[in-house]
1. Where Rh is the Kirkwood radius over the Cα pairs of the protein assembly as shown, the temperature 25 °C and the viscosity 0.890 mPa s, what D in µm²/s does Stokes-Einstein return?
2. Between B:Glu293 and B:Ala461, how high is the FRET efficiency from 1/(1 + (r/R0)^6) when r is the Cβ-Cβ distance and R₀ = 41 Å? Nearest 0.05.
3. Would you mind checking the tilt of helix A:62-75 against the longest principal axis of the Cα atoms of chain A, expressed as 0 to 90 degrees and rounded to 10?
4. When all C-alpha to C-alpha distances in the range A:228-433 are sorted into bins of 10 Å, what percent of pairs does each bin hold, rounded to whole numbers?
5. Please order A:His35, A:His311 by the number of other Cβ within 10 Å, starting at the fewest.
6. Quote the FRET efficiency, to the nearest 0.05, computed for B:Ala262 versus B:Phe37 with a Förster distance R0 of 45 Å and r equal to the Cβ-Cβ distance.
7. How many angstrom lie between the Cα centre of the range A:422-450 and the Cα centre of the range A:39-108?
8. Between A:Arg108 and B:Ile332, what is the label-to-label distance in nm when each label sits 7 Å out along the Cα-to-Cβ direction?
Amino acid sequence: MNSATQSPTRPQPEAVTALTARLRSEYGDRALTTHAIREQHSHGEGLADAAMPDIVVFPHTNEEVASIMRICHAARIPVIAFGVGTSLEGHVAALYGGVCLDLSQMNRVLEVNDADLDCRVQAGVTREQLNTELKGTGLFFPIDPGANATIGGMTSTRASGTNAVRYGTMRENVMGLTVVTADGRIMRTGNRARKSSAGYDLTRLLVGSEGTLGIITEIQLRLYGIPESISAAVCQFPDLKSAVDSVIVAMQLGIPVARIELLDDVQMDACIRYSQLTEFAAKPTLCFEFHGTEAGVREQAQMIESIATDHGGSAFQWATKPEERSRLWKARHNAYYAALALAPGKQGFATDACVPISRLTDCVLETQADVATTGLVAPIVGHVGDGNFHLVILFDPANLDERSKAEALAARVALRAIAMGGTCTGEHGIGVHKLDALRAEHGDAIALMQAIKRALDPLNLLNPGKTVPPV
Amino acid sequence: MLDPAFTSSLAQVLAPASLLTDAEDTRPYECDGLTLFRQQPAAVLLPDNEAQVVAILRLCHAAHVPVVARGAGTSLSGGALPAADGVVLSLAKLRRIVAIDPLARTAIVEPGVRNLAISEAAAPYGLFYAPDPSSQIACSIGGNVAENAGGVHCLKYGLTVHNVRKVRAVTIEGDVVEFGSDALDSPGYDLLALINGSEGLLAVITQITVKLLAKPQYAQVALAAFDDLERAGAAVGAVIGAGIIPGGLEMMDQQATRAVEAFVHANYPLDAAAVLLIESDGTPVEVAAEMAEITHVLTASGATEIRVSQDETQRLLYWSGRKAAFPAVGRISPDYYCIDGTIPRAALPRVLRQIEDWSREFGLPCANVFHAGDGNLHPLILFDANKPGDKERTVEFGDRILQLCIDVGGTITGEHGVGIEKIGGMCAQFPPVVLERFLGIKRAFDAESLLNPGKGVPTLARCAEFGRMHVHHGELRHPELPRF
């Protein structure tokens, strides 16, 4: 029997057969073994490295999740939690088969506490669903990774996104959890108090643990008052350096911008074509959003505009009406699909890196030069206020040479970021694709991560093969 | 007593003046800010650098000697209480500010640096370090990380955990490990969050990278009076519920305002049942807009009087009473016991009313001075230790308040930590499934439990013993465990 962080093995076929029969009898049409459904649960977005689970189960309650977990624990069968499958680093691939727990039917908002600015949701609630249900309360949940991911998935991968520069990442916005442990017990972590110094911070340990330490079934989240005034502006630059330098100055002045998004000329060209943004040129571009009181927003915008002008930026083009803003941000969110549309038939390898803000210009410019040497097309976008940027590397999956060039480029981006005091992933997580980069970045801390994995999942049943490299 | 061979191996690492073993030299280390508990250590070690910390921990690990790390010794929960037959590892000499990077807005500091010294060193760049526990003149940043310290400003700017980017620490086996990153996120498990608030149980911190923030251009504070305690509690919820996150939101009840007024003469309205202090900071334009909204909400919540500071002198005067509240209360009562519990804000009116009722029932006055915006209560129970029965009733009163905090969905410590003081309370707050995870994490870092033993996380056996004495609502805690 494998133990945690050893290389796991597939369970015995007889054990799998007995387990699937039992789950099908208990859960009926909520336990499926058809090829189509297993295939659909074999991968996220990003690289299509699929590995199918043996069965997909759709639990409705914490108790059902606990019961399934106990059965799998007794039979030594791996369990992979699944939201809507928008992760990018192979997090949900069932590398060793086993049970895929699809939590998408646990999709109720359990409570909204207006006065305390918090809410409790089941793991399968999506980001957009939550904000729809919050309509009328004057509150919203700001974290926005682009995809309409589930809150459970965003918690598991410690997602951030375009708003993180103002509102933080999931790390700052998850207050507590309900978790099913590896041996099938239900536990609550954290609480609704704003601060606690009692015991170790299990909540933050679980946030970002990618389903390897427990199954997250409920999440207590911070909410925010919808700002009195919101406006967005676009500014275009003669070159990438001026755009990034403007961001650095803005951040150093501590201007509380709600979003700052960078698109390089290649990405801007893709977005203009894909989202018909014909009023813009294919130049390096910054999109800003300002939140606050009317006076505060005006003041922030004036400060940013003068910084941008100093760096050769164009006059601001404003999007003040809600429909203008949503058109703009929709175009930003569709950047990945716009990039794919640049080269039909090719696949996109989305990679993500993050550096201290003072090194951002160096890292982005070196990366752009690096892309040019490979002959590949790889547009750059980024939540640059956080020092976080993404590269969508386009490659032909049938062309092995192109694929290996793409992988090598992604590995260089990770190492470059680490060398600059940054990290190999600002928000996509480790999954399977970044295990080597994690090793490069963390050194000695990996042994402690492995020890924690052993402590919380001694049989290595929770999403085995992910997040922490084997011993 | 330490084994002489062990002591002589320590003498190889440390200069004689940095290795204290005589009882008169180790006496000052027998307790921290929680003077109720005292224990003299076998030795006190004062390393000068990280290499010595590594060497000491390797020796202690090999000889199975318990180690209690200590900063400035201001803990209010006994976090730095020595272990019998163990050593105190003082980080007081590691007090260099290694670097300040105004562009990245970070400071790299050693653990013995005082909290306030960081803001002082950052001030020339227009920057400051936000978490500001009341003891910030004295307490060390290493201790702040170990306890996940808060303060008046953490409502808006976060706790220590939100303001630390990276921690360098030494494990009990003597390995140097870095947690966190200079960038926004650090992949893999969030070990940085585990180290924050771990009370010296997981590793010994030797270097910390903290975030610095730009000093707000302008700040104003509103002082609002209420003729009813519950109404003041409800007003706190109303301010936050309106989507305003002020720079600070503090409450004082009449017992507290009367004590501080005699001490600092801040001109507080003494006939008010409670006073709120609400600060707004930012650019002058933002502050003006936010202050208008704050006064609107306070008026609608039934404030009987609202004063807004018109200049910096007045702002500091309004705050002076809050900052001096603890010493001021110390003047009016022979002894006081400070409770630290946190509740969801919406429960404030109910909990304050209950504390008032219990205060009458026990015949013990109670002053409330606290971080209302966070729901972090600090009831100060006034008693006289020389009066027979006062101490026992005080402890029972405090226990009831903390149990109420748990019952309304809160926690037994908002910012002071568990230490030795609340080890029993941990059994009341957490079920076995959670305590087992805590113990598993502890074992992953420190299998022999040499780092700060007996603190922070209770063993299940201890909880069973505690449960024997503590039957809550007629329910025995942990009935599945054998009794001892």
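Readers should treat all values here as calculations from the given coordinates under stated rules, not as data from a laboratory. Note that the structure is a prediction, hence the values are computed from the model and not measured. Because the Cβ atoms are built from the backbone with ideal geometry, glycine has one as well, and the counts that use them run over all protein chains shown.
1. Details: Rh = 29.1 Å.
It diffuses with D of about 84 µm²/s by this estimate.
2. 0.15
3. 60
4. The calculated distribution, bin by bin, is 9, 35, 36, 16, 3, 0.
5. Details: A:His35 8, A:His311 20.
Ranking A:His35, A:His311 by Cβ neighbours within 10 Å, fewest first, gives A:His35, A:His311.
6. 0.90
7. 22
8. The two pseudo-label positions are separated by 4.9 nm.
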